[in-house]
């Protein structure tokens with residue numbers, strides 16, 4: 001009897017291992033998904049760069065081409081041993097101002113299923129002359145985003161590491177108003193803006209409120225054999241700075257996603273992308289999709305094959 005019980009327990013344990021193995025396979029990104037991620041990484045725009053020296057003679061102030069101001073407390077970075085006095089440093093900066101920019105960087109503009117409109121999204125890193133990335137405390141870098149992007153004073157600031165957006169605490173991290181920055185008795189920056197302490201390699205966005213007052217619902221339902229683990233689907237509104245990643249949590253023949261939005265006459269474009277494990281790519285785009293309507297889409301055998309370089313070029317446009 002003990003031998004029978006032992007065999008039964010071993011068989012049950014084997015079934016658990018097989019079952020877990022299947023679950024892991026379902027929710028682990030397949031090679032095709034990794035191929036898609038590589039294509040997106042090659043399609044993103046290059047950064048703007050600004051060079052400066054580490055000093056203890058006051059903050060370093062840098063202004064990007066679009067007018068975004070960086071105030072860098074290099075003295076605190078020197079004191080905590082992050083950098084050394086006189087180090088040659090480079091600020092690399094990315095700025096996203098359209099829905100297509102957000103799409104290329106795979107940033108979805110939603111919080112708790114509420115759609116928000118991104119006025120601008122930015123990210124930066126600082127490197128030493130030998131290419132090492134400088135890790136700094138949040139309070140060492142202040143960023144001021146000017147009124148060219150939003151002059152209402154009513155927008156909010158959100159941050160993400162590429163996954164979920166979270167709201168910045170306005171009392172602790174955010175100041176809104178008129179700013180004037182003077183260096184050697186000369187004004188180098190004077191404007192209304194949003195000032196925040198920003199951590200390197202985090203995305204920040206100035207956006208209209210993503211509250212629950214939105215009474216319109218945008219639905220999308222997809223069906224068909226599209227190999228979910230190797231696919232990505234996005235709804236992009238280039239005019240409003242909106243990018244919605246169509247989400248799914250199980251392998252089913254049909255899945256739906258929806259978001260609460262504000263009424264708008266502008267339209268969306270749906271991008272359905274797929275890569276197989278042999279590094280072949282497929283795409284389908286559907287344009288002029290009206291806001292606040294139900295989208296029913298059958299993707300069975302409807303994606304067209306596209307060369308890798310042609311897909312990168314399309315994403316860059």
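General observations
- Out of 205, 128, one residue alone is under 30 Å from residue 287 (Cα atoms) and at pLDDT 80 or above. It is 205.
- From 81, 67, 32, 58, residue being surrounded by fewer than 17 Cβ atoms within 10 Å (Cβ to Cβ), touching a residue at least 40 places away in the same chain (Cβ under 8 Å) and over 18 Å from the mean Cα position of the chain (by Cα): 67
- Tallying residues that are outside any strand (DSSP E or B) and either assigned by TED's automatic domain parsing to the domain that holds residue 119 or modelled with pLDDT of 70 or more (or both) within the stretch 231-264 yields 5.
- Any hit, the stretch 160-168, residues being in contact with a helix residue (DSSP H, G or I) (Cβ under 8 Å, 6 or more places away or on another chain), closer than 28 Å to residue 60 by Cβ and at pLDDT 85 or above: no
- Residue 112 meets all of the listed conditions (1) out of contact with any strand residue (DSSP E or B) (no Cβ under 7 Å at 6 or more places or on another chain); (2) under 16 Å from residue 234 (Cβ atoms) but one, namely (2).
- Note on the stretch 39-76: among residues that are touching a strand residue (DSSP E or B) at 6+ places or on another chain (Cβ under 9 Å) and assigned to a helix (DSSP H, G or I), the one that is nearest to residue 193 (Cα to Cα) is 74.
- Enumeration of residues in the stretch 92-141 that are buried (at least 19 other Cβ atoms within 10 Å of the Cβ) and over 15 Å from the mean Cα position of the chain (by Cα): 126, 134, 136, 140, 141
- Answer residue from the stretch 163-185, given it is closer than 22 Å to residue 105 by Cα and out of contact with any strand residue (DSSP E or B) (no Cβ under 7 Å at 6 or more places or on another chain) and is surrounded by the fewest Cβ atoms within 10 Å (Cβ to Cβ) among those: 163
- Test: residue in the stretch 140-150 that is farther than 11 Å from residue 193 by Cβ and assigned to a loop (DSSP other than H, G, I, E, B): no
- The residue of the stretch 186-196 that is surrounded by the fewest Cβ atoms within 10 Å (Cβ to Cβ), among those that are free of Cβ contacts under 8 Å to residues at least 60 places away in the same chain and under 19 Å from residue 153 (Cβ atoms), is 190.
- Enumeration of residues in the stretch 83-109 that are out of contact with any strand residue (DSSP E or B) (no Cβ under 8 Å at 6 or more places or on another chain) and under 21 Å from residue 156 (Cα atoms): 98
The values are calculated or read from the model by the stated rules, or taken from the named source; none is laboratory data. All values derive from a computational prediction rather than experimental measurement. Methodologically, a virtual Cβ is constructed for each residue, glycine included, from the backbone with ideal geometry; neighbour enumeration extends over all protein chains shown.
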